[in-house]
C-alpha cells in the first residue's frame, strides 16, 4: 500500500531523467519529453484541470474528484482510519463495509482533512536572504523562523481577498535549491459514502501486499461538504470505464511522500546500519504482540484491524528499503555517482570553494546522529511512549508551552499555519481503547529500557519501582485524556492549566519534556542544520554539473508521473499487465486473507469473469500516491493507484525501469462492483453521468 | 548467554594469533606463546587433567567436575531445559529454584547427556584419499560416507577393549585441512542437584544480557551417575574461593560452538543480506507472540520462561552479529585480508593452479544458496513447522526411511554414531504444551506462506482451504506424538508403521518430505559441496602464505583460551573487572527482571556487601562456552563463564582485544550463596573439601 510513511529524511533531488522516471511538479512538467517520446501534448489547461481535480488527504494519501458534486475516489486502505473511527463494537464498518444508501447516510470522518492545491509562489530569494552568511545552526533557526513568518503572511493575504483563508505550506525542493509556498483550499467536512468489505478490498492481505498479479478491490468513495451541502467541484475526472490499452501512455497525479534518491552514501548507510534494523526488530515484535492479543476475542480482533494492516504495510516497506540498501548494485552505483560528482567539484577551484567539505560534513553529522539516535528516537520521537493518549499529552503540554511564544520562535509543528490540523487532531472525538493503549505503551517502555539501558536516567526515573506493564496500566487507567472534553479544557486552559494538571499522562509528558527537547536541540543544531547546509552546497555543485532539467525528490506535494501500461520480465517469465475476475475466485481459500465476502459468492454467476481487475504501469510512484488517479491523455480516469510491485520499494533510492511497476484498480471492476455486487446504481450513475 | 547457537556455517580457521586471541585445541596448544607472554608453563599433565575435568553438555553448553563424586558445575541457563522438563503446574523449578537436600532428591534430567573427551585420532589421510580426484558433489558425498564409516569403526574398536563403547565423532578443522575422530565417554544419567531461582540467576534479564557491569548468579550443580550411583570422577577442578587477582593469567576450557572468522566476504554478505534480516524479523515477531500469550495466565507465563529466554538470547546474538557485519571497519578489514591472500596466490603459478577459482566458486555457491534459501529454511530446516511435535514427526519419518539404508548412505544425522543421541531426544518423556505448540506452529505456517508466497505448491497444498491457525489446531489436537509410548511404537515399527500411520503430524511430515529432501539435495550438491571444495583449496593457500601456527575456527569441540582478568575503556570510562554484592541490592527494583528472591532480601544482613560477584577477562570465547570453568595457572577453578560483553558478539568474525571480554560468576558469590543463602553447607563442603 502506497500510504505515506514516516521516514526520517532530508530533501533531495535526482540527476537522471531516463525512461519514465520522475515525479514532476505541475509548475515544471517536462511536456517536451512526453511530446518527444509519446507524441502527446500536455498543455497548461490539461495540467490545471487535473491539478484541481486531485485531493491531498492529510492522513497520508491522494484522491480525485469524480463528479461535480464533491465525490472523491480513493483507496479503501486510505479510509480505514475513518472507518475505524466511526465503528464501534456493534458496527464494524471495516469488516462489513460501509454503504450510504442516501446522502443522509453519508457519515462524517472525524479526523480527515482534504486539500486541493490552487496556487504556488516561489520564495527562494526571501529564504536565502534570511540565512546569508550565518553559521549552520543559526541558519537553520533563521530558515525555520522565516518559513513560519511567510506562511502566516500568506494566510493573512489570502483573507484580504475576502474569501475563506487558504492553507499555506512552505515547501523545499531540490535540497534547498528552491523554496515555495503551496496554497491549498481545505475541506474538513469529509464524509464516508462507500467502502467495500475489507476482505475484498485487501484480498490477499499482507502476503499479497506489494505483489502482482493481484486481485484487490482497494477503492472507496468519500464526499466533501461545504456548509452542510455537497461541495461544488467543477474540476473532476470523467471515467473511461473500459480502461487503458496495453502499452498506452498513462499519467499518475498525486502526492508521493518522500524519496531519498540523492542521499549521500553516508546517509544511506545510516539508514541501513542504524535506522532500519532497529525499526524492523522493534515493530516485528509489536506485530507479534498485536496479532496474539487479537486472538483473545472479537473486540480485540476488530480493534487491531487497522493498526495491524498499517503496521504490516510499514514493515514490508522497510524490509524492501533495507533490502535495497543491502543490494551491492545500488550501493556501488550510488558510490560511483557520488565519486563522479566529487571529482567534478575538485576539477573546479570555484566549485571546490563553494562545496567545501560538504560530504564530510554530512558524514560527521550522520556520526553524531548515530550517537544520539537512541535518545532521539525513544524520547523525542516518542518511540518509548507508543500510545495515542501519550501523543495527546505531549501535544497538549507542548502546545501550552509553544503557543505562548511568538509564532516564529515556536517548534515548527506548533506554528500558526499548522494549528488547524493540530487542533483537529487533538480535539476530535475518536475512540480510544484502553487495553490496546496498555499493550503498545507497555511494549514501547520495554523497548525504551532495552535500547537506552536500565541505567539511563529517564529509565531509572520511570522504571525503578514499576514494571513497564504496571506503569502503562497506571497511566492508561489514571488518565482522562480519552475524553475529548477534557482535552478541550486542557487545550483552552493553556500553560497554567497544564502546569497544575495531575493527570498522570500529562505528568509523564511534562516530566520527560526537558530531556526530549534537549536531544531535539542537539539533533537540529548538529545533525539537521549541518546536513541542510551541506546539501545546499552539494545541490549547487549538482546544478553546475548536470543542469536543472531534473525533478525534485518527493515531499508529499503534488506531482505528475508519466508512463505506460506494461508488465515486466522476471525469472524467465513475462508478467502480463492485467488480471481478470476469474482468477480471484480460483484463488479464494475461504480463509482470511483469501476469503471472499458472501455477496461476491452470491453474485458470481452475474459477473463477467473476464472483467479486468488490477493492472500495472511504469509510472514512478511511492508511498503517498495511494488513491492517485491513473489518467489517460484526454484527462480521463483509467485506474486507481493503490500499490507498487515489490521492486517499487527500491524507488525510494532509484527508479528501476525494468522492474518498478505501479499497481492500480481497473475502472471496470469498480463499476461492476457498484452496479452488480453492492446495488449502488445511483453512485455508478453519478460517476458515469459525469462523463 | 553463551549457549551454542544454530548458525549455519562452514568450518574455517584464522590466520592471526595476536593478543590473547584464539580457541586452541588441547592437542595443539601454544604453550610457548603463553610461556613467553606470561612466564607460565602449561605442560601435558596440566592439559590432560583439565581436559578430563571438562564436560560437554550435548544441549549446547560446557561444565566441569568440581568433586570426585561426579558433581558438575555449569550455568543456570544451561539447565533451564532440564528444570522445565521436570516441572509442571504445581512445581515451577525455574521460578522457585531446585534444591536437593540429599542425594535421594537429586532428579534425573530427561534429555541431558554429558560427554568427556578422552582421546583424539587424526584421520586426514583416509578422508583425503576417499575424495581424491572426485567432482565437488561426489567428493562431498564420499566424504560423508567415509566419516560415517570411520565413526562406526571407531565405536566398534572401542568395544573390543572390553569397556563400554565410546562415542566417536568426526571433526573437521582448518576448513577441511585436518580431520579427527574425537572419542568421548558419555554420561546419560545426569541429575539436578541445585539451581537458584531464575530471578537471581538471570538478574537483569534480557536488558542486562551481554552487558557488564553485571550481577547474575548464573550457576547450577548437576551430578552424573553410573549404575545408579554417583560417578567416580578423579579428574576435577579444586576451587580457589578468593578468585583471581586483577591482571592475573586465566584460562577458559570449553566448547565454543561456531565461529566464522575466515568466511570469505561473499559468505559474510550472505549472512548480512539474506540470513540475518530474515531471522531477526521472524523471531522478533515470535518474541512478541510469546510475551503476549504469557500474559494470559500463570501457566502460559511458566511455559514460556525457558523458550523466551533462549529466544531473547538468540535475538541479541543475531543483532550483535548483524551489527558487526554492518560495521564498515570489519567488512573493509575482511576485504583487505582476502585481497592480500588472493594477490599472494596470483604471484605463484603453483598456488594459482591449486586454488583456481575458489573465491568465485564460493560466491557462486552463495548466489545459489540465496536462490534456494527460502525453501531450504522453511522446508528442510523446518522454519515453517516450528513445533516440538513436528520435530518428532520429522525424526520418526526420516528415521524409518534412513535406518533401512546402509549406515554410510544415510543422512548424516541418522548415522549409527548419532543414533543414541537421536533416540534419546525422540523417546524421552518430556512435557508438551498443546497451546504453546499451536502458537509456534501457526506462526511459522504464516511465515512459510509469507516467505514462499501464497502460490508456492507446498503452501497451496497445506493452506488452500485451512488457515494457519486452523491447520495448526487440527494437527496439534489430532496428533498423539505428545505421548512418548506412541513415539516408541512408531520408532520401533519402522517404515511400514510410519507408512500406515494416519497421525496427522506424521502425515504432514511425510507429505513435505520429498520437497524438503529435494532442496536439501540442491543445497548439499550445489552449495555445501562447492563451498567445502573451495575452502579446502583456500586453506592450502593460507597454509602456504601464513604457515600453520594458528587455531582452527570453533566447532563445538574442546578448546582452551588464555587471557587475563581485566576491564576495558569505553566512551572515556574505564570499566572495572569486578562487581560486588552491594550494588546488586541497589539495582533491585522489585519488578522482573530486576526483582530479588525473598531469601536474598531476608539474608542480606548476613552477607558481606564486598563479596565479589561477576568478573571479566580477555579470554576469547563464544556461544557454547557457557558453563566453562575459568582456571588459574595451577588448574584451580577461579570463575564460571556465563556470558561475554556486547563487544564479544563480533567474536564470531574477529577478536577485538581492546573490547571483547568474557563474563564469569565469581567463586566467592557461589560459595556464599550455597552456605549463607540456601543452607547448602554440605554441598559447599563437597566443593571445598575437594581442594
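Our estimate of slack between residue A:634 and residue A:101, defined as 0.36 nm per intervening residue step minus the Cα-Cα distance, is 188.7 nm. Over the stretch B:357-552, what is the relative contact order in percent, taking alpha-carbon pairs closer than 8 angstrom and at least six residues apart? RCO, the stretch B:357-552: 39 percent.
Here residue B:163 and residue B:658 are evaluated by their C-beta separation; at R0 = 56 Å the FRET efficiency comes out at 0.70. Over the stretch A:265-546, the Kirkwood radius and the radius of gyration, each from Cα atoms, give a ratio Rg/Rh of 1.03.
Each label point was placed 7 Å from the Cα along the Cα-to-Cβ direction; for residue B:602 and residue A:28 their separation is 7.7 nm. With N counted as the residues of the stretch A:440-485, its alpha-carbon radius of gyration over 2.2 N^0.38 Å works out to 1.26. Helix content alone sets the calculated 222 nm mean residue ellipticity of the protein assembly as shown: runs of n ≥ 4 DSSP H residues at -39500 (n - 2.57) each, divided across all residues, give -14000 deg cm²/dmol. For the stretch B:508-666, what is the relative contact order in percent, using Cα pairs closer than 8 Å and at least 6 residues apart in sequence? Computed over the stretch B:508-666, the figure is 19 percent. As a ratio to 2.2 N^0.38 Å, the alpha-carbon radius of gyration for the stretch B:236-370 is 1.55. Computed from the Cβ-Cβ distance with R0 of 60 Å, the FRET efficiency linking residue B:126 to residue B:569 stands at 0.75.
Among the residues of A:276-287, the average count of other protein chain beta-carbon atoms within 10 Å of the residue beta-carbon is 5. Quotient of the Cα radius of gyration of the protein assembly as shown and 2.2 N^0.38 Å, N being its number of residues: 0.97.
Spacing of the modelled spin labels on residue A:546 and residue B:328, each 7 Å from Cα toward Cβ, amounts to 2.1 nm. Between residue A:502 and residue A:89, the distance separating the two model label sites (each 7 Å from Cα on the Cα→Cβ line) works out to 3.1 nm. Residues B:585, A:93, ranked from the fewest to the most other C-beta atoms within 10 Å, line up as B:585, A:93. For the stretch B:1-142, the convex hull drawn through the C-alpha positions has a volume of 213 cubic angstrom per residue.
Pairwise alpha-carbon distances in the stretch B:606-659 exceed 16 Å for 51% of all pairs. For the stretch B:513-547, the residues whose amide N sits under 15 Å from a probe point set 7 Å from the Cα of residue B:348 along the beta carbon direction are B:537-547.
Please work out the Cα center distance from the stretch B:149-185 to the stretch A:82-121, rounded to the nearest Å. First find each Cα centre; the distance between them is then 73 Å. Computed as a quarter of the hull surface, the mean projected area of the alpha carbon convex hull for the stretch A:575-691 stands at 8.7 nm². When only alpha carbons are used to place a centre, the stretch B:459-523 and the stretch A:27-70 end up 57 Å from one another. Derived from the Cα gyration tensor, the three semi-axes of the equivalent ellipsoid of chain B are 36, 33, 26 Å, largest first. The mean sequence separation of alpha-carbon pairs under 8 Å and at least six residues apart, normalised by the residue count of chain A, gives a relative contact order of 27 percent. Would you give the gap between the C-alpha center of the stretch A:649-691 and the C-alpha center of the stretch B:551-601, rounded to a whole Å? The two parts, judged by their Cα centres, are 60 Å apart. The mean number of Cβ atoms from other chains found within 10 Å of a Cβ in peptide A:436-446 is 1, as a whole number.
Applying 0.36 nm per residue to the separation of residue A:298 and residue A:676 and subtracting their alpha-carbon distance, the gain on full extension is 133.0 nm. Considering only chain B, the C-beta nearest to the rotation axis that sends B to A is found at B:288, 1, the distance in whole Å. Partner shielding of A:590-597 amounts to 3, given as the average count of beta-carbon atoms from other chains within 10 Å of each residue beta-carbon. Estimated from the Cβ-Cβ distance and a Förster radius of 30 angstrom, the FRET efficiency linking residue B:511 and residue B:152 is about 0.40.
Since every read-out is calculated from the coordinates, none of them should be taken as a lab result. Because the structure is predicted, anything quoted here is derived from the model rather than measured. We place every Cβ from the backbone using ideal geometry, glycine too, and count neighbours over all the protein chains shown.
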